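Everything below concerns the one structure shown next.
The values are calculated or read from the model by the stated rules, or taken from the named source; none is laboratory data. Here the structure is a predicted model, which is why all the values come from computation and not from measurement. Please note: Cβ atoms are built from the backbone with ideal geometry, for glycine as well, and neighbour counts cover all protein chains shown. Accessible surface is based on the protein model in full, side chains and every heavy atom, while ligands, DNA and RNA are left aside. Shrake-Rupley method; radii C 1.70, N 1.55, O 1.52, S 1.80 Å.
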Amino acid sequence: MSEPQGDKPGQVWGIDSTARWFSTKIGGLIVPFAAAVLAFFVGGLVVVATGHNPLSAYRAIFNGTGLNWFFPWVQGDERFSASLDLQQTLLITAPLMLTALAVAFAFRCGMFNIGGQGQYFVGLMTALFIGHAFAGMPRPLHILLASVGAILAGAAWAGIAGFLKASVGAHEVISTIMLNWIALWVGKYLVELGGFMQGSEPDVPRSYDVADSAKIWPIWGALQPLHAGIFIALFGLVVYHLILNRTTLGYEVRAVGFNPEAARYGGISVSRNYVLAMGISGAFAGMAGAVDILGWKFHQAINDFDVSFVGFIGIAVALLGRNKAVGILFAALLFGALQVGTSPRQLSGTDFPPELATNLSTMIQALIILFVGAELLIVQVWDQRRRLGLGRTPRVKAQEL
């Protein structure tokens, strides 16, 4: 007898059909949306446990993101305040998009790039060095030079992990974790007291500043304006989509990700694609570092290394966005908005305890990852039901009788 059939002839009820449903456009929209809704629901229960109204807390968080700026009825001082908050949200969203692309591209090749943080640091420090060393260059050329340097540095750093996997089979998770720590401590060494990249203040462990000629143009605001790096990040989404879906390289990368042995049998160099996929992933993360240091940070203190998690949050963004360009765009905006909206300055004690606001944001982000990851659990449970005969009643085709 054949496998259990679904409502349509030839439709198999089991792990394959369930997994295929999750990979469809409808499943691709429902799963992350449901994950976000469930995460906010559980977060609301936590808000209730603290003795506060979750609707009031979430309203305050939403207003703190600046997204209410798009509402036409928000006017006057409230609109000005919303514009400041929205600028901050978009400042954080831009590098999140790029570090998420660093995770997503490697994942499409069957690898888990957990080294986006280290690649981000390498790109940031390279852009900082170039942005300071060539002061006085024409601004467009200087920005381009620093950005290209960051892209190449990030690609080379991630390429190490790709080369190790291709040559000796070293797992990329282990190698990228080690490379993260190397990038972190080398960066600290460069900016600490007496370091090669320390600034002019002898008692401050902080780097020198990026030259004015290397600063990315501000496009909105005055206090800490939104810069043109947001367009670089959006362009990165377009490049990611085109490479994967419109080039031979993208076809080979996806083929290796689906089945490396079948790809090798079809004449595709698996080792070459491992190295290239990790290199391109690192290029995205390196560009994220350039966007931050050239766009609004302009220098790097030794403590900045310890409080930066943009590469790790990029993993969550890629998961929620299901490694799709459009999905990553909205997921990055959500995570960026959460970080800004839950900052202690955005919440009063009547809405939610400000000292717990950051923890609430972290918990919601973790729950989103958990619920998105539950997709695999659902597939396995469905498969177990089928194996135990608890699924749909088998339909036997006439020709099989």
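Please identify the pairs in which a residue from the range 221-249 that is closer than 23 Å to Lys297 by Cα has its Cβ atom under 9 Å from the Cβ atom of a residue that is open to solvent by less than 60 Å² (accessible area, probe 1.4 Å) and of a type in the set (Asp, Glu), counting only partners at least 6 apart or on another chain.
Here the result reads Gly229/Asp292, each pair linking the range 221-249 to a residue that is open to solvent by less than 60 Å² (accessible area, probe 1.4 Å) and of a type in the set (Asp, Glu).
Quick check on Gly28: is it outside any helix (DSSP H, G or I), modelled with pLDDT under 90 and small (Gly, Ala, Ser)?
Judged against the criteria, Gly28 is not a match.
Checking Phe305 against (1) of a type outside the set (Gly, Ala, Ser); (2) touching a helix residue (DSSP H, G or I) at 6+ places or on another chain (Cβ under 9 Å); (3) modelled with pLDDT under 95, which test does it fail?
The one condition Phe305 does not meet is (3).
Would you mention how many residues in the range 284-325 are assigned to a loop (DSSP other than H, G, I, E, B) and either polar (S, T, N, Q) or open to solvent by less than 10 Å² (accessible area, probe 1.4 Å) (or both)?
The total comes to 5.
Among the residues of the range 154-178, count how many are among the hydrophobic types (A, V, I, L, M, F, W, C) and open to solvent by less than 20 Å² (accessible area, probe 1.4 Å).
Within the range 154-178, residues that are among the hydrophobic types (A, V, I, L, M, F, W, C) and open to solvent by less than 20 Å² (accessible area, probe 1.4 Å) number 2.
Please go through the range 333-349 and give me each residue that is hydrophobic (A, V, I, L, M, F, W, C), open to solvent by less than 30 Å² (accessible area, probe 1.4 Å) and closer than 14 Å to Ile364 by Cα, ordered by number.
Listed by number, the residues that qualify are Phe335, Ala337, Leu338, Val340.
The rows are residues; the columns are (1) at pLDDT 95 or above; (2) of a type in the set (Gly, Ala, Ser); (3) surrounded by 21 or more Cβ atoms within 10 Å (Cβ to Cβ).
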site: Asp85; (1), (2), (3): no, no, yes
site: Met97; (1), (2), (3): yes, no, yes
site: Ala127; (1), (2), (3): yes, yes, yes
site: Ile151; (1), (2), (3): yes, no, yes
site: Leu184; (1), (2), (3): yes, no, no
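Residue-wise test of (1) under 23 Å from Gly336 (Cα atoms); (2) open to solvent by 10 Å² or more (accessible area, probe 1.4 Å); (3) within 15 Å of the chain's Cα centre (by Cα).
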{"residue": "Val47", "(1), (2), (3)": "yes, no, no"}
{"residue": "Leu67", "(1), (2), (3)": "yes, yes, no"}
{"residue": "Leu101", "(1), (2), (3)": "yes, no, yes"}
{"residue": "Ile114", "(1), (2), (3)": "yes, yes, yes"}
{"residue": "Tyr120", "(1), (2), (3)": "yes, no, yes"}
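Mind listing whichever residues of the range 195-207 are over 14 Å from Asp304 (Cα atoms) and open to solvent by less than 30 Å² (accessible area, probe 1.4 Å)?
Once the filter is applied, which keeps residues that are over 14 Å from Asp304 (Cα atoms) and open to solvent by less than 30 Å² (accessible area, probe 1.4 Å), the range 195-207 yields Gly195, Met197, Gly199.
Could you identify the single residue in Val275, Val270 that is closer than 15 Å to Leu152 by Cβ and either of a type outside the set (A, V, I, L, M, F, W, C) or surrounded by fewer than 24 Cβ atoms within 10 Å (Cβ to Cβ) (or both)?
Just one listed residue meets the conditions, Val275.
Using beta carbons and a limit of 7 Å, which pairs, at least six apart or on different chains, have the first residue in the range 112-132 and within 14 Å of Phe305 (Cα to Cα) and the second one surrounded by fewer than 24 Cβ atoms within 10 Å (Cβ to Cβ) and polar (S, T, N, Q)?
That search, which allows pairs on different chains as well, returns Gln117/Asn180; Gly118/Asn180.
Pick from Ser200, Ser147, Ser213, Ser167: which is among the polar types (S, T, N, Q) and either on the phi > 0 side of the Ramachandran plot or under 26 Å from the mean Cα position of the chain (by Cα) (or both)?
Ser147
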